[in-house]
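Worksheet: one structure, shown below.
The values are calculated or read from the model by the stated rules, or taken from the named source; none is laboratory data. Here the structure is a predicted model, which is why all the values come from computation and not from measurement. Because the Cβ atoms are built from the backbone with ideal geometry, glycine has one as well, and the counts that use them run over all protein chains shown.
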Amino acid sequence: MKPKVSESERYLSTSNRITGAVVMAIGVIGLIDIVLEWRTLGGLEVAALIGILMVLAYVGLVRPSVTLRPENLLIRNHIRDHTVPWGKITDVDVTDILRVHTEDARLRAPGVQVAMRDLRKQRVGGRKLGAENSVSRAEFVVDRIDHHLNMYRQNSQGEIVTSWARPELVIVGVLAVTALLAEFLR
């Protein structure tokens, strides 16, 4: 049986994901220690605060991405998602991060970033950039978006849909309420 091939392409910052995973792993170790050794309201408060920091690490470092699909472009920012039909995109460029222009707005996509060091090297013209650098990677993503625009613009209409990252916001809210209750009940 032949596996189903996905036509989606997903781009994200690998270094941010690694950093986020390390921070969350340290948080898990802290939570395990609290569960084993510190079963009080103070421990619950600290566990809730560690949980908030873990969610913030996820939201800030792991969540941002850009997904190219035949129907639309999905931009996952820190706390919002933008689903942009190909027909609504007027331009795409890269400054420090990827920017997608529409008639009404300019959406920033932190999932594709350019390292400031690479930008300085490119502008100054000093030491040459290596083959694997953030500038060439960002330009590759822009080229892929342009390719998708040419292929799917005619068939992809509709409105831009912006939605909040509800699960992440709810988790932070629940953990914050838990920390406050633990503080007041101590």
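General observations
- Selection within the range 77-103 - within 17 Å of the chain's Cα centre (by Cα), in contact (Cβ under 8 Å) with a residue 60 or more places away in the chain and assigned to a strand (DSSP E or B): ARG80, ASP81, HIS82, THR83, VAL84
- Residues that are among the aliphatic types (A, V, I, L, M), touching a strand residue (DSSP E or B) at 6+ places or on another chain (Cβ under 9 Å) and either at pLDDT below 70 or surrounded by fewer than 18 Cβ atoms within 10 Å (Cβ to Cβ) (or both) within the range 110-141 comprise just one, VAL135.
- SER65 meets each of the listed conditions (1) crowded, with 17+ Cβ neighbours inside 10 Å; (2) of a type outside the set (A, V, I, L, M); (3) in contact (Cβ under 8 Å) with a residue 60 or more places away in the chain apart from (3).
- Within the range 6-25, restricting attention to residues that are surrounded by 13 or more Cβ atoms within 10 Å (Cβ to Cβ) and out of contact with any Ser or Thr (no Cβ under 8 Å at 6 or more places or on another chain), the residue that is nearest to HIS148 (Cα to Cα) is SER13.
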